[in-house]
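Structure, as structure tokens:
The values are calculated or read from the model by the stated rules, or taken from the named source; none is laboratory data. Owing to the predicted nature of the structure, the values given are computational and were not obtained by experimental measurement. In this analysis, Cβ positions are derived from the backbone assuming ideal geometry, glycine residues included, and neighbour counts consider all displayed protein chains. Remember, those area values only see protein heavy atoms, side chains included, never the ligands or the DNA or RNA. Shrake-Rupley method; radii C 1.70, N 1.55, O 1.52, S 1.80 Å.
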Amino acid sequence: MLALSDDTYHALAALMYSAIGLSFNDSKKALVSSRLALRIQRLGLDSFEDYLALIAGDEDAGEFQMAVDLLTTNETYFFREPAHYELLERELKAERPRSLSVWSAASSFGDEAYSTAMLLSDLQQQGTIGNAWSVLGTDISDRVLRSACAAVYPHDRLRNVTPQRMKRHCLRGEGESEGLVQMHSGLSERVRFGQLNLCQPIEAIGPFDVVFLRNVLIYFDAATKREVVDRVLTQLRPGGLFFIGTAEGRVPCETPLLSLAPGAFRKSVTR
Ligand SMILES: C[S@@+](CC[C@H](N)C(=O)[O-])C[C@H]1O[C@@H](n2cnc3c(N)ncnc32)[C@H](O)[C@@H]1O
């Protein structure tokens with residue numbers, strides 16, 4: 001059994017905090033220890049200290065990414081928190097924009113980005129929005145981004161997708177691919193993915209009309225949450241829609257927002 005000393009735990013926590021804003025207090029020590037121990041053994045290392053030296057050094061960025069993946073949760077699925085998509089649909093039916101740019105700011109495997117793309121494609125088909133729309137998904141993790149670019153999903157993750165939408169936007173795998181679903185190219189050509197650390201300054205990638213920042217603030221402490229939310233909101237146009245997870249409580253930020261529904265906001269037009 002590998003033992004994680006308090007000093008090494010605090011050094012690991014400090015590294016994760018400074019690099020990507022992950023906040024681990026003392027109550028998370030057992031969780032961090034159990035999530036990393038197997039990986040350390042698999043690498044043939046003798047201790048948490050060796051592993052810390054490996055991920056803190058410059059030589060193995062891939063292993064740092066692996067540690068991030070082990071310490072965060074990438075859980076996501078299509079049309080998670082459906083009330084947000086219903087609200088977005090109502091707003092777009094009222095506004096009828098000719099163009100629309102959406103950012104899924106912690107996209108994980110891309111389920112949120114593709115759910116939005118399905119909705120926008122259907123609204124375009126109905127003539128509710130114009131055809132100049134696109135979705136950008138970003139995440140810190142290489143692994144989830146590679147998977148998002150492949151646009152192939154286990155069928156179960158599309159459990160909230162209606163049969164009509166499945167038929168329009170997805171190809172169901174057969175034979176060896178049984179149980180998998182591939183997004184149609186008509187959808188995937190509208191969706192791009194890229195790596196972005198929310199805890200570092202963001203170059204101008206907006207302005208977006210809609211931003212999803214859902215189920216990622218849970219990783220950050222109060223100060224980091226505020227910084228991240230305000231940073232992300234610089235990329236949302238005034239009047240644009242902003243979504244956080246409904247379980248994430250009050251949105252902590254300086255940027256004036258109008259609350260529309262749990263986890264759903266409009267950025268105020270005047271500052
Ligand atoms: C639980 S998933 C949320 C996925 C999706 N937004 C949803 O609500 O279903 C959280 C994602 O946040 C990403 N993440 C954690 N820290 C991050 C950071 N500092 N910058 C960007 N992404 C981060 C993780 O890699 C993970 O994929």
- prompt: So what are the ³J(HN,Hα) numbers for the range 170-180, from phi and the Karplus equation (6.51, -1.76, 1.60; θ = phi - 60°), rounded to whole Hz, Gly and Pro as x?
  reply: 10, 10, 8, x, 10, x, 4, 9, 3, x, 10
- prompt: Given H placed 1.01 Å from N in the peptide plane, which residues other than close sequence neighbours of Gly240 have an amide H under 5 Å from its amide H?
  reply: Lys267
field: Angle between the chain longest axis and helix 82-95 axis [Cα atoms, degrees, rounded to 10]
entry: 40
- prompt: With charges set only on the Cβ (+1 for Lys and Arg, -1 for Asp and Glu), what does the dipole of the range 54-150 come to about its Cα centre, in debye to the nearest 20?
  reply: 640
- request: Express the carbon and sulfur contribution to the solvent-accessible surface of the chain as a percent, rounded to the nearest whole number, probe 1.4 angstrom.
  value: 50
- request: Apply the Karplus parameterisation 6.51 cos²θ - 1.76 cosθ + 1.60, with θ equal to phi minus 60°, to every residue of the range 2-13 and state each ³J(HN,Hα) to the nearest whole Hz, in sequence, with x for glycine and proline.
  value: 7, 10, 9, 6, 4, 4, 5, 4, 5, 5, 4, 4
field: Per residue value of the accessible surface for the chain (all protein chains in place, 1.4 Å probe), Å²
entry: 49
query: For the range 1-154, what ratio Rg/Rh do Cα atoms give with a Kirkwood hydrodynamic radius?
result: 1.13
task: Could you check the simple spin-label distance between Cys149 and Ala83, using points 7 Å along Cα→Cβ, in nm with one decimal?
output: 3.7
field: Cα long-axis angle, helix 111-125 against the chain (0 to 90 degrees, to the nearest 10)
entry: 10
Two-decimal log10 I(q)/I(0) for the chain, as the Debye equation yields it once each C-alpha is a single scatterer, q = 0.09, 0.15, 0.16 Å⁻¹: -0.46, -1.13, -1.23
query: Around Gly173, with a cut-off of 14 angstrom between Cβ atoms, what is the net charge of the other residues, counting Lys and Arg +1 and Asp and Glu -1?
result: -2
statement: Here the range 46-59 yields Karplus 3J(HN,Hα) values (6.51, -1.76, 1.60; θ = phi - 60°; whole Hz; Gly and Pro given as x) of 9, 7, 4, 4, 4, 5, 4, 4, 5, 7, 7, x, 8, 6
task: Would you please classify the overall shape of the range 140-271 from the alpha carbon gyration tensor, given that a ≥ b ≥ c denote the square roots of the eigenvalues, rounded means a/c under 1.5, and beyond that prolate means a/b larger than b/c while oblate covers the rest?
output: prolate
query: To the nearest 10 degrees, how steep is helix 222-233 against the longest Cα principal axis of the chain, on a 0 to 90 scale?
result: 40
- prompt: Which loop chymotrypsin sites (Phe, Trp or Tyr not before Pro) in the range 75-166, with loop taken from DSSP, have no more than 12 other Cβ atoms within 10 angstrom of their Cβ?
  reply: none
- line: re the range 17-86: pairs of Cα atoms spaced beyond 18 Å account for a percent value of 48
field: For Cys170, residues with placed amide H under 5 Å, excluding near neighbours
entry: His184
field: Unit charges at the beta carbon, dipole of the chain: most positive-side option, Val251, Val152, Ala264
entry: Ala264
- request: Among Met118, Ala67, Ser5, flag the residue with its Cα farthest along the positive direction of the charge dipole of the chain, charges on Cβ as +1 for Lys/Arg and -1 for Asp/Glu.
  value: Met118
- request: Rounding to the nearest 20 debye, state how big the charge dipole of the chain is about its Cα centre with +1 on each Lys and Arg Cβ and -1 on each Asp and Glu Cβ.
  value: 1380
- prompt: Add -39500 (n - 2.57) for each DSSP H run of 4 or more in the chain, then divide by its residues: what number comes out at 222 nm, to the nearest 500 deg cm²/dmol?
  reply: -12500 deg cm²/dmol
- line: Taking the dipole of the chain about the Cα centre (Lys, Arg +1; Asp, Glu -1; charges at Cβ), the one of Tyr85, Leu38, Leu54 that reaches farthest to the positive side is Tyr85
